[in-house]
Ligand SMILES: [Zn+2]
């Protein structure tokens with residue numbers, strides 16, 4: 001049976017020894033780029049070794065084109081998850097697949113209108129991240145985003161990558177990038193002989209410094225920021241009541257979201273690095 005919302009997990013086996021890998025899409029149901037990419041490649045995908053799990057992670061949210069039903073699924077990949085919501089049950093099932101897998105590619109999209117594709121990689125996946133055709137690769141998210149798929153993979157000592165394939169407002173645009181990264185990932189683990197080439201362009205490396213939480217209803221950015229805007233050193237770029245956020249050297253901003261409720265994430269601050 002081919003991959004669909006009624007049959008959201010497809011296992012392709014080569015019958016030969018090799019790596020077992022997992023490719024997830026639709027952890028957030030409104031991020032459809034990976035869902036479309038997986039559905040496009042699944043019918044013709046043949047592998048020469050090992051085994052691959054192709055997974056539409058949150059079929060109900062995908063069907064409704066919403067981020068989640070009850071909870072953010074990408075905060076629930078926790079070894080001791082004892083939650084009882086719809087998404088907690090999903091996470092527990094999906095962790096069983098990750099336990100059986102040697103590596104994970106998890107395809108997302110940004111909820112920002114103006115953004116750029118980028119990769120989030122855990123500490124075992126920097127080499128693969130360099131091989132994907134993304135201009136920006138980033139690490140250090142797990143200090144703030146506990147329960148993500150790539151953090152879970154790090155916890156169990158395995159490579160995990162999350163690709164953010166453009167904006168949810170332009171799903172079509174980055175489907176080719178998502179498909180290409182699936183083939184690059186499968187080639188890296190020797191599951192396919194693909195003609196797809198690895199990235200040969202320079203990449204920008206970001207490490208996450210801070211994820212800011214809204215403390216008062218007076219949180220404001222000093223101007224409109226988009227994903228990856230570079231901040232001037234010493235610039236006050238946001239205020240939250242009495243608090244002032246001042247940029248350090250070589251810093252940029254991701255996911256600026258002024259209108260979050262108190263306690264919500266209002267931005268992520270990154271250091272731009274020369275090397276990983
Ligand atoms: Zn997402």
How about segment 96-129: which of its residues are within 16 Å of the ligand (Cβ to nearest atom) and in a strand (DSSP E or B)?
104, 105, 106, 107, 108, 109, 110, 118, 119, 120, 121
Condition test on residue 36, is it within 16 Å of the ligand (Cβ to nearest atom), at pLDDT 95 or above, assigned to a helix (DSSP H, G or I) and surrounded by fewer than 24 Cβ atoms within 10 Å (Cβ to Cβ)?
yes
From (1) buried (at least 21 other Cβ atoms within 10 Å of the Cβ); (2) in contact with a helix residue (DSSP H, G or I) (Cβ under 6 Å, 6 or more places away or on another chain); (3) more than 19 Å from residue 159 (Cα to Cα), pick out the condition that doesn't hold for residue 61.
(2)
Quickly run through segment 105-128 and pick out the residues that are more than 12 Å from the chain's Cα centre (by Cα), without any contact (Cβ under 8 Å) to a residue 40 or more places away in the chain and buried (at least 22 other Cβ atoms within 10 Å of the Cβ).
125
Would you please name the residue that is modelled with the lowest pLDDT, looking only at residues in segment 158-177 that are more than 12 Å from the ligand (Cβ to nearest atom) and within 23 Å of residue 90 (Cβ to Cβ)?
171
Consider residue 137 against the criteria (1) part of a strand (DSSP E or B); (2) closer than 23 Å to residue 190 by Cα; (3) within 14 Å of the ligand (Cβ to nearest atom): it satisfies all of them except one. Which criterion is unmet?
(3)
Residue set 43, 16, 51, 92; condition in the same structural domain as residue 165 (by TED's automatic domain parsing), more than 13 Å from the ligand (Cβ to nearest atom) and more than 28 Å from residue 157 (Cα to Cα); output residue 43
Only one of (1) touching a strand residue (DSSP E or B) at 6+ places or on another chain (Cβ under 8 Å); (2) without any contact (Cβ under 8 Å) to a residue 24 or more places away in the chain is not met by residue 228, so which one is it?
(2)
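The values are calculated or read from the model by the stated rules, or taken from the named source; none is laboratory data. Small disclaimer: the values here were computed from a predicted structure and weren't measured. With ideal geometry, Cβ positions are generated from the backbone for all residues, glycine too; neighbour counts draw on all protein chains shown.
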